[in-house]
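The values are calculated or read from the model by the stated rules, or taken from the named source; none is laboratory data. None of these values were measured; they are calculated from a predicted model. Virtual Cβ from ideal backbone geometry, glycine too; neighbours counted across all protein chains shown.
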Amino acid sequence: MGTIEVTKLTKRYGDHNAVDGLDLSIEDGQFITLLGPSGCGKTTTLRMLAGFIRPDEGTITVDGCELSSPARVVPPEERGMGMVFQNYALWPHKTVYHNVAYGLRMQRPRLARKEIRARVGAMLEVVSLPGFEDRFPGQLSGGQQQRVALARSLVTEPSILLLDEPLSNLDAKLRDRMREEVQEIQRRTDITFVYVTHDQGEAMSMSDRIAVMSSGRLEQFAAPRQVYHRPANVAVADFMGLVNLLQGRVVSVDRPAAAVEVVLAFGTRLRLGLTDGTTVFVGDDVTVAIRPENVTVRRSADAGEALVADVTHTTMLGHLCYYVLDLAGTTLRVQTASDVELDRGDRVSVDIDERHASVFPAEVDAESAIEEERV
């Protein structure tokens with residue numbers, strides 16, 4: 001079993017709260033990602049889960065057993081957890097076999113050599129490395145070293161596996177392939193994975209749920225689709241990929257819908273009818289978040305169209321194209337299929353899919369939204 005309960009977890013370094021009152025509930029067998037920018041507290045949280053750091057406040061329990069509190073920390077080796085480090089931490093002078101077998105040899109009571117060899121062989125099958133037993137880490141590719149590190153952590157049959165940015169040292173193509181392999185290993189073993197990354201793509205593609213962190217606090221804990229399409233606040237919307245943030249004012253409310261008038265530069269006004277869980281009132285200043293893929297453009301701008309923009313920048317991204325538009329003096333980012341070919345200077349018609357817009361009480365900027373969440 002690997003059910004984790006984190007309650008009011010806090011870690012301070014001087015006057016700085018690296019982790020600030022974190023509450024988190026992780027179900028057995030889930031793949032959870034701690035996501036956020038550098039310095040948000042995700043790695044500190046992982047190290048408190050592992051037992052390397054004692055919290056200043058709060059508790060960590062696994063399957064009802066308290067492992068960490070300000071008064072007591074169960075040592076890492078007694079927690080039944082495995083950990084994969086960013087640099088893999090493989091013994092360079094030991095073969096793949098001896099690297100993977102190391103944890104088994106440290107177990108008490110001692111395991112028979114025959115059992116160790118059988119379990120190492122079975123685990124190398126799981127990570128697709130049979131026949132690599134006699135190779136040294138220096139003879140392996142980055143992806144193979146990463147799989148050896150996974151095998152070493154999994155062979156002891158932990159109830160929880162902690163992973164600290166294990167793919168960050170790989171090139172982009174290999175990293176994409178390893179995402180699928182790590183996810184498949186988690187499904188095969190049915191072990192609770194807690195994964196740390198700053199890469200939104202990794203989090204979105206691998207996780208059952210994502211814990212978005214900022215300044216030591218939890219901003220949102222939800223399924224990837226919800227975090228992306230229905231962010232809890234401006235900070236989450238801005239961190240989870242490209243987004244257009246437009247300032248507006250609520251002009252009418254017919255719950256659960258609200259009509260928001262977005263005032264653009266040069267007097268152009270855009271009226272959006274939004275359905276969202278946020279509570280707003282007539283006259284409220286709001287921020288509207290619109291993803292680039294929810295903006296549609298057409299080359300021929302009809303005279304009757306309310307929204308007309310000029311293309312100021314184009315970027316080819318393989319199967320996608322990324323455009324920057326000047327909409328009445330306001331910058332609008334658009335992402336569309338590559339078969340929509342536009343050039344810089346083209347005039348286009350713009351349609352915004354209001355069904356996928358999110359509205360938040362207005363903040364000065366994303367950082368102030370973190371300071372006072374009002375969703």
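Brief remarks on what is shown
- Pair list, Cβ < 9 Å and 6+ apart or interchain, from region 241-255 residues that are of a type in the set (Asp, Glu) to residues that are surrounded by fewer than 15 Cβ atoms within 10 Å (Cβ to Cβ): 254/273
- Residue count for region 162-204 under the criterion of being aliphatic (A, V, I, L, M) and closer than 12 Å to residue 33 by Cα: the result is 6.
- Scanning region 305-340 for residues that are in contact with a helix residue (DSSP H, G or I) (Cβ under 9 Å, 6 or more places away or on another chain) and touching a residue at least 24 places away in the same chain (Cβ under 8 Å) yields 322, 323, 327, 328, 329, 330, 332, 333, 334, 335, 336.
- Failed condition for residue 91, given (1) within 21 Å of the chain's Cα centre (by Cα); (2) of a type outside the set (D, E, K, R); (3) modelled with pLDDT under 95: (1)
- Here is the figure for region 256-266: residues that are surrounded by fewer than 19 Cβ atoms within 10 Å (Cβ to Cβ) and either within 11 Å of residue 357 (Cβ to Cβ) or free of Cβ contacts under 8 Å to residues at least 60 places away in the same chain (or both) total 5.
Here is a yes/no grid of residues against (1) farther than 20 Å from residue 265 by Cα; (2) modelled with pLDDT of 90 or more:
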| site | (1), (2) |
| --- | --- |
| 298 | yes, no |
| 302 | yes, no |
| 309 | no, yes |
| 315 | yes, yes |
| 319 | yes, no |
| 324 | no, yes |
| 344 | yes, yes |
| 347 | no, yes |
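- Filtered residue count, region 170-208, keeping only those that are assigned to a loop (DSSP other than H, G, I, E, B) and farther than 30 Å from residue 107 by Cα: 6
- Total residues in region 69-105, condition surrounded by 15 or more Cβ atoms within 10 Å (Cβ to Cβ), free of Cβ contacts under 8 Å to residues at least 24 places away in the same chain and among the small types (Gly, Ala, Ser): 1
For (1) under 20 Å from residue 224 (Cβ atoms); (2) without any contact (Cβ under 8 Å) to a residue 60 or more places away in the chain; (3) assigned by TED's automatic domain parsing to the domain that holds residue 180, each residue gets a yes or a no:
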{"site": "8", "(1), (2), (3)": "no, yes, yes"}
{"site": "15", "(1), (2), (3)": "no, yes, yes"}
{"site": "21", "(1), (2), (3)": "no, no, yes"}
{"site": "26", "(1), (2), (3)": "yes, no, yes"}
{"site": "30", "(1), (2), (3)": "yes, no, yes"}
{"site": "33", "(1), (2), (3)": "yes, no, yes"}
{"site": "60", "(1), (2), (3)": "no, yes, yes"}
{"site": "66", "(1), (2), (3)": "no, yes, yes"}
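- Residue count for region 276-294 under the criterion of being closer than 18 Å to residue 243 by Cβ and of a type in the set (Val, Ile, Thr): the result is 5.
- The residues of region 217-252 that are assigned to a loop (DSSP other than H, G, I, E, B), at pLDDT below 95 and closer than 30 Å to residue 29 by Cβ, listed by number, are 230, 231, 232, 233, 240, 241.
- Counting residues in region 131-153 that are farther than 18 Å from residue 178 by Cβ, surrounded by fewer than 13 Cβ atoms within 10 Å (Cβ to Cβ), under 32 Å from the mean Cα position of the chain (by Cα) and touching a residue at least 24 places away in the same chain (Cβ under 8 Å) gives one or more.
- The residue that is nearest to residue 21 (Cα to Cα), among those in region 167-218 that are surrounded by fewer than 20 Cβ atoms within 10 Å (Cβ to Cβ) and of a type in the set (Gly, Ala, Ser), is 215.
- Residue match in region 22-34 (condition: under 14 Å from the mean Cα position of the chain (by Cα) and either closer than 17 Å to residue 239 by Cβ or among the basic types (Lys, Arg) (or both)): yes
- The set of residues in region 314-365 being of a type in the set (S, T, N, Q) and outside any strand (DSSP E or B) consists of 338 alone.
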